[in-house]
1. With the checklist (1) more than 16 Å from the ligand (Cβ to nearest atom); (2) part of a helix (DSSP H, G or I) in hand, flag the one item H268 doesn't pass.
2. Residues in segment 237-246: is at least one closer than 18 Å to F303 by Cα, in contact (Cβ under 8 Å) with a residue 60 or more places away in the chain and more than 11 Å from the ligand (Cβ to nearest atom)?
3. Could you go through segment 170-184 and let me know if any residue there is surrounded by fewer than 16 Cβ atoms within 10 Å (Cβ to Cβ) and among the small types (G, A, S).
4. What about D77, is it charged (D, E, K, R), modelled with pLDDT under 85 and assigned to a loop (DSSP other than H, G, I, E, B)?
5. Can you tell me which residue is nearest to the chain's Cα centre (by Cα) among those in segment 112-148 that are in a helix (DSSP H, G or I) and crowded, with 20+ Cβ neighbours inside 10 Å?
6. Counting only residues that are under 15 Å from L167 (Cα atoms) and among the aliphatic types (A, V, I, L, M), which one in segment 220-233 is nearest to the ligand (Cβ to nearest atom)?
7. Quick check: is even one residue across segment 198-209 within 14 Å of the ligand (Cβ to nearest atom), surrounded by fewer than 16 Cβ atoms within 10 Å (Cβ to Cβ) and under 18 Å from the mean Cα position of the chain (by Cα)?
8. Which residue pairs have Cβ atoms closer than 8 Å, lie 6 or more positions apart in sequence or on different chains, and pair a first residue in segment 14-38 that is on the phi > 0 side of the Ramachandran plot and assigned to a loop (DSSP other than H, G, I, E, B) with a second residue that is at pLDDT 95 or above and more than 11 Å from the ligand (Cβ to nearest atom)?
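The values are calculated or read from the model by the stated rules, or taken from the named source; none is laboratory data. Note that the structure is a prediction, hence the values are computed from the model and not measured. Backbone-built Cβ (ideal geometry, glycine too); neighbour counts: all protein chains shown. The protein model used for the area step is the full one, side chains on, heavy atoms only, and it has no ligands, DNA or RNA in it. Shrake-Rupley method; radii C 1.70, N 1.55, O 1.52, S 1.80 Å.
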Amino acid sequence: MKTTYLGLELRSPVIVSSSPYTSTAQTIEQCARHGAGAAVLKSIFEEQIIHQAAALEQHSDSAYGDAGLYLERYLGDDYKARFLQLIGEARAATDLPLIASINCVATGDAWIEYAEAMAEAGAAALELNIFFQPTDILEESREIERRYAEIVGKVASAVRVPVSVKLPMRLTNVCNLGNRLLGCGARGAVLYNRFFEPDVDIERIAFAEGSPYSEPSELRNLLRTAAIFTSVLPQLDLSVSTGVHDGAAVVKALLCGARTAQVCTAIHNEGFGIIRHMNEFVDRWAESHGFESLEEFRGRLNFRDDPSPVYQRVQYMRYFPSSEE
Ligand SMILES: Cc1cc2nc3c(=O)[nH]c(=O)nc-3n(C[C@H](O)[C@H](O)[C@H](O)COP(=O)(O)O)c2cc1C
């Protein structure tokens, strides 16, 4: 079933999120073959460039005062070139719309030039993946969000392709930030980025790796917010990511106003064939409810100033152990 997202005409609302499943031309070709609407390429990580450079500099003779900067630029160019090459190879292998993804950690202008290069190489849109982990008690959320807006504004004004922003789950008022990003030129938003969450190993008394993969129940973290977000910010195209494991989850995201639903863990669990199953489910569901196009049902559960407690009552007022209800 067709949809539009970031101004792009997509043959399906199921898109493959930035992950190892979009990191080679071969996997992107698999996404296309199984009916995905688009692929968000594995993010290029600014952090990685900085860390690689710092590690090399430590082991080098630092007679060169600016070794760090030099290495950063050198490694950065090499690392960036590989992403441009991936876009070129994927372009040659398939006509699937490609959304390049950049993980930004600094407000440096280096990204602007690079974002343009990705667009020129054939990316139809850009997804910016931004998160600053707060550790400073004096840093106000307003200041952190100002940095988001600064990055988005710089990139969006420099490139001709549409820009969406993949947002973190822990914001006090995601609609306020969305509105600010819209004002800075963003065309879409992704709710949410699911970060690598470390666990604690109580025997070693140390942080340990947690599973990077989601559970289906995590979708419920975002459905209500998606319904409110798409209602108060209809100008931003919404994509839902986290916990989309089957066709029913795609339908839920669309009913809450999303234009696309992104999948990653579902492919890890079931293989690329899950994309086709999801598409088939959406078609069957739409037909059984008498809908001929996605726009006929997208956003049916939007907030629209609905006084229903579903949207605004989030506490478990009626649910306590002795409740009969
Ligand atoms: C192994 C792995 C690598 C990922 N790499 C990226 C990445 O490079 N950039 C990004 O924005 N998200 C990345 N993600 C997050 C996914 O794109 C997605 O937002 C998240 O897994 C939630 O979706 P899911 O429930 O379908 O897995 C990654 C996730 C996994 C599991």
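1. Result: H268 fails condition (1) only.
2. Let us first name the residues in segment 237-246 that are closer than 18 Å to F303 by Cα, namely 237-240.
Cutting the leftovers down to in contact (Cβ under 8 Å) with a residue 60 or more places away in the chain gives us 237, 239.
Those left that are additionally more than 11 Å from the ligand (Cβ to nearest atom): 237.
Checked against the condition, which is being closer than 18 Å to F303 by Cα, in contact (Cβ under 8 Å) with a residue 60 or more places away in the chain and more than 11 Å from the ligand (Cβ to nearest atom), segment 237-246 yields at least one hit.
3. Yes.
4. Numbers: charged (D, E, K, R): yes; modelled with pLDDT under 85: yes; assigned to a loop (DSSP other than H, G, I, E, B): no.
Here the answer is no, as D77 does not meet what is asked.
5. Within segment 112-148, the first condition is being in a helix (DSSP H, G or I), and the residues that meet it are 112-121, 141-148.
Narrowing the set further to residues that are crowded, with 20+ Cβ neighbours inside 10 Å leaves 114-115, 118-119, 148.
Details: Y114: 19, A115: 16, M118: 17, A119: 18, Y148: 15 Å.
It comes out as Y148.
6. Of everything passing the filter in segment 220-233, L222 is nearest to the ligand (Cβ to nearest atom).
7. no
8. Sorted first by the residue in segment 14-38, then by its partner, the pairs are G35/R11; G35/S12; G35/I275; G35/R276; G35/N279.
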